[in-house]
4 protein chains.
Amino acid sequence: MTQTTKSSPGRPRSIEVHQAILQATLDLLAEFGYQGLSIEAIAARAGVGKATIYRRYNSKEELIAEAIECNRPQLTIPDTGSLWTDLEEVHKQAAELDLSPLGRQTIAMIISLASTIPQFAEIYWKKYVIPRRKAASIIFKRAKARGEMSPDVDPDLICDLMTGLLFKSILFQPETEEIKSYMRRALDFLLQGVTSKPSQ
Amino acid sequence: MTQTTKSSPGRPRSIEVHQAILQATLDLLAEFGYQGLSIEAIAARAGVGKATIYRRYNSKEELIAEAIECNRPQLTIPDTGSLWTDLEEVHKQAAELDLSPLGRQTIAMIISLASTIPQFAEIYWKKYVIPRRKAASIIFKRAKARGEMSPDVDPDLICDLMTGLLFKSILFQPETEEIKSYMRRALDFLLQGVTSKPSQ
Amino acid sequence: MTQTTKSSPGRPRSIEVHQAILQATLDLLAEFGYQGLSIEAIAARAGVGKATIYRRYNSKEELIAEAIECNRPQLTIPDTGSLWTDLEEVHKQAAELDLSPLGRQTIAMIISLASTIPQFAEIYWKKYVIPRRKAASIIFKRAKARGEMSPDVDPDLICDLMTGLLFKSILFQPETEEIKSYMRRALDFLLQGVTSKPSQ
Amino acid sequence: MTQTTKSSPGRPRSIEVHQAILQATLDLLAEFGYQGLSIEAIAARAGVGKATIYRRYNSKEELIAEAIECNRPQLTIPDTGSLWTDLEEVHKQAAELDLSPLGRQTIAMIISLASTIPQFAEIYWKKYVIPRRKAASIIFKRAKARGEMSPDVDPDLICDLMTGLLFKSILFQPETEEIKSYMRRALDFLLQGVTSKPSQ
DNA sequence: ACGTAACCGAGACGGTACGTCAGGTCTTATC
DNA sequence: GATAAGACCTGACGTACCGTCTCGGTTACGT
């Protein structure tokens, strides 16, 4: 179905151009936010014609989507042998990722776009929700196998509650450190009845 | 010191016009969403000159802000004598309010705008977060007094978790009914360990 | 037919206001020309409401017409006893009148408006053409009586030729002094064959 | 010095569009006059975006200038061998050109615009005054060579006097035929003393 | 003397056109 | 055939005035 090494006739699309477009997009995004981000400016910044962009993406949103998608690093799922140290690790990673300046900007924008363009909801779902749900699922499964956790806890629910709280915090709480501790407190609360937490 | 009946000179601003503008804004918002909401269309729909809008609001955002602020109905805090029926009632009210077509659109837009315009974060905070936190606080206090609930539960935390989840669901879950049942499940989970739930 | 002292009931229109409006109109006309002359600016300058202007005039043109008509000083027809000193005097008066900044602006504007608004053509005719023709007619008649001039010269033709030239010069010749000397030369040429010019 | 086949990069400006704009301008001008001539209407009539017009012209005046400039036919200088038949011919041409309905409109507008926008004075000067002065100059030079005319007559002065009279007549005299005969009479008068007019 | 009718300032009102800007499509010449 | 450049149509932007319409307040007559 898909041709693997089929090369179409004519000049191939330049990889440098591709990169330049994405980089320019991210630069301008970081500098001016989603508002004040024009295709015209991206083209100028990348030293590229507008048509070259439209040949690759059908809309501004698609372009931004790919720019974010390519740029966003992945979570690695820890396996320390203990539920709480695993969670600690995930919590640390997520905080680093999401609460950095660029991270906050990005999430805010994903949210913003998801609320208007359905296609973004999907991207977000794939790149953000699923990995976290998967991480939670794996960590919880291991914890259940170790008997650290009640077997009927729904990892997705926990994960969604935490993610929702994160969103809300990112939008409405400017203090990063407060978000971290509030999230931490929420996690403790959510798991208090269903796990055997070690005495700290 | 305070002038009670001070009236500026010149023709006073028409209240009908004011209302027409806000109504037109809400109508078009419900119909086309935030994108595709132009001042020109609002003016045309309201049967009003553009200048009349710009005389009142300096930007589209300001206008939308007031439209939402003026329109949004308030929650009434129930007092049925039982924690769970109270929650049932609040849950029903919130669902009706937030998950109606206009409600979803409005929330999505507030979220979207809050990420870029601080003023919107405030509106959301005042019109959404505070009332819900207050409702939760009162209901929980009564429940604690009745001994239905552990006294050290933080109502704000519960409320924020639920709000965050709602929020996330509205953005990424198109099925209204599924959101309702998922929210219901989340509430059960959150309160399972801290209350004496009646057998259903 | 006309009632002389009939006064309608109610407060009579203020004369000061009337004057202030006309003066403001002339001021702004001299300062900004016909373009850039807005009713709003006139009202502001005169310290008057717009309605007060529209109560008196149905259009900007009507207002300007009256402003000019009321303001324009008249030529006085000299009688020095000699054709050439009479002409000298008329020439001097007209130059002073027409080539002052306000004079140039006014003429330019009348010309400009005359092409579209018939009413302005009439103003020009009454305020510019007729007085000059009359002056020329009287001066020439006296000159003919004195035998200084051939009796079959048409004063209107001379006058119209001079007026047309002035007209053209005002539009296309910025240098006031050059206009004066060119007009002078034209006058000499026009009368050379039909008068006995004194040796200068 | 001059690049013959220099072509700037990018899509070249469309000639059809150019023509359509100018044609629409002239059409609307003839239909509604200078007042009531909006860029928006021109754009709509030409089937063109407003930006496309503003890319070419910085103002309505510039556009009108070019529309007129491109449209206005030139005089041809006759050479019949006789001053009076030459003048006859020029007179006929000018009458046909200037006193046609479009001609009157155009001249009125040139005058109108020249009085407010200096740039128009220049256009008029180049397209209107200079050609006529040149024609007069050539015809008179030939006449002087033939001995039909006194050698010290200034052709520019004659020409300007006639032009000025034409202007004045066009603005204030609605009857075309009367203008023609009056102009004819003026010409006779101007040249009576300086030429040997053939007996008619 | 006092009511009332027309005046006055201020400025809001529905409009029209302005000149600008960006979006997304197209047409060149060049690589 | 992809690219850089940039012209093209579309449509919304925010501004400036237009001419009309309320407002609250002020004269000056006519009873």
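Across the cross-link table entries C:LYS168/D:LYS126; A:LYS180/B:LYS126; B:LYS126/B:LYS180, which are compared at the Cα atoms, the separations over 21 Å belong to A:LYS180/B:LYS126; B:LYS126/B:LYS180.
Atom-type composition of the exposed protein surface of chain D places 54 percent of the accessible area on carbon and sulfur (1.4 angstrom probe). Interface burial in region D:163-179 reaches 50 Å² or more for D:LYS168, D:LEU171, D:PHE172, comparing the full protein assembly with the chain by itself; accessible area from heavy atoms with a 1.4 Å probe.
Take C:ILE15, push a point 7 Å out from Cα through the beta-carbon direction, and compare it with the same point in every other copy: 4.6, 6.9, 9.2 nm, smallest first. When B:ALA41 is represented by a point 7 angstrom out along its Cα-to-C-beta vector, the spacings to that point in the other copies are 2.4, 3.0, 3.8 nm, nearest first. Dimensions of region D:15-70 along the principal axes, based on C-alpha atoms and rounded to the nearest Å, stand at 24, 22, 18, largest first. Protein heavy-atom accessible surface, 1.4 Å probe, per residue over region B:76-191: 41 Å². Once the partner protein chains are put back, region C:13-35 shows a loss of at least 20 square angstrom of accessible area, versus the chain by itself, at C:TYR34, C:GLN35 (probe 1.4 Å, ligands and nucleic acids excluded). The string of couplings for region C:99-108 from the Karplus curve (6.51, -1.76, 1.60, θ = phi - 60°) is 9, 5, x, 5, x, 4, 4, 4, 4, 4 Hz, one whole number per residue in order, with x for Gly and Pro.
Distance from the C-alpha centroid of region C:143-196 to that of region D:160-200: 14 Å, rounded to the whole angstrom. When the Cα atoms of region A:36-99 are aligned to their principal axes, the ranges along those axes come out at 54, 21, 17 Å in descending order. Helix A:60-71 and the longest principal axis of the Cα set of chain A meet at an angle near 50°. The dipole here belongs to region A:15-63: it is taken about the Cα centre, uses +1 on the Cβ of Lys and Arg and -1 on the Cβ of Asp and Glu, and is about 180 debye.
Relative to its Kirkwood radius, the Cα radius of gyration of the protein assembly as shown gives an Rg/Rh of 1.20. Here the label points at D:LEU102 and B:GLN173, each 7 Å from Cα along the C-beta direction, are separated by 7.2 nm in the simple model.
Taking the C-alpha atoms only, the angle from helix A:130-145 to the longest principal axis of chain A is near 20 degrees. Against chain A, whose longest principal axis is taken from its Cα atoms, helix A:15-32 shows a tilt of about 60°. Only the Cβ atoms of Lys and Arg (+1) and of Asp and Glu (-1) were treated as charged; on that basis the dipole of region C:20-142 about its Cα centre amounts to roughly 280 debye.
Spacing of the modelled spin labels on D:ALA44 and A:ILE130, each 7 Å from Cα toward Cβ, amounts to 5.1 nm. Under Stokes-Einstein, with the Kirkwood radius over Cα pairs as Rh, the value for chain B at 37 °C and 0.692 mPa s is 172 µm²/s.
Pairwise Cα distances in region D:82-169 exceed 18 Å in 48 percent of cases. On the beta carbon distance between A:SER137 and B:SER181, with R0 = 22 Å, the FRET formula returns roughly 0.60. Using just its DSSP H runs of length 4 or more, each adding -39500 (n - 2.57), chain A gives a mean residue ellipticity at 222 nm of -21500 deg cm²/dmol after division by all residues.
The values are calculated or read from the model by the stated rules, or taken from the named source; none is laboratory data. As the structure is a computational prediction, the values presented were derived from the model and not from experiment. Cβ sites come from the backbone with ideal geometry, for glycine too, and all protein chains shown count toward neighbours. Keep in mind that these areas ignore ligands, DNA and RNA; they rest on the heavy atoms of the full protein, side chains included. Shrake-Rupley method; radii C 1.70, N 1.55, O 1.52, S 1.80 Å.
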